[in-house]
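The values are calculated or read from the model by the stated rules, or taken from the named source; none is laboratory data. All values reported here derive from a predicted model rather than from experimental measurement. So basically every Cβ, Gly included, is an ideal-geometry build from the backbone, and we count neighbours across all protein chains shown. With ligands, DNA and RNA removed, areas are computed over all heavy atoms of the protein, side chains included. Shrake-Rupley method; radii C 1.70, N 1.55, O 1.52, S 1.80 Å.
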Amino acid sequence: MADRERIEDILRRRFNPADLEVVDESEKHRGHSGWRPGGGTHFRVRLVSDRFRGLSRLQRHRLVHAALSPEPMNSIHALTLSLEATRR
């Protein structure tokens with residue numbers, strides 16, 4: 001399973017998202033620190049979930065990092081997160 005699919009699978013199982021988008025942006029960082037051929041180093045995640053209701057931005061980020069640790073976080077160089085609670 002590719003890194004993007006693995007990240008998406010973990011986040012779907014842990015957060016039951018109303019909306020989820022995981023984008024591998026590694027190619028945009030070719031030649032920069034942490035980049036490697038084949039991608040899987042730089043990701044952008046947009047996640048909307050009830051699990052984030054009432055949590056601060058920092059608490060939301062910590063939950064996602066914990067869900068992705070230690071794998072696949074060990075191979076990710078950069079992770080951009082946009083995390084929102086679902087609206088009722």
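One table, with the values for the structure above:
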read-out: Positions within the stretch 8-32 being open to solvent by 80 Å² or more (accessible area, probe 1.4 Å), modelled with pLDDT under 95 and in a helix (DSSP H, G or I), in sequence order; value: E27, K28
read-out: Residue in the stretch 52-83 that is least open to solvent (accessible area, probe 1.4 Å), counting only those that are in contact (Cβ under 8 Å) with a residue 60 or more places away in the chain and not in a loop (DSSP other than H, G, I, E, B); value: L68
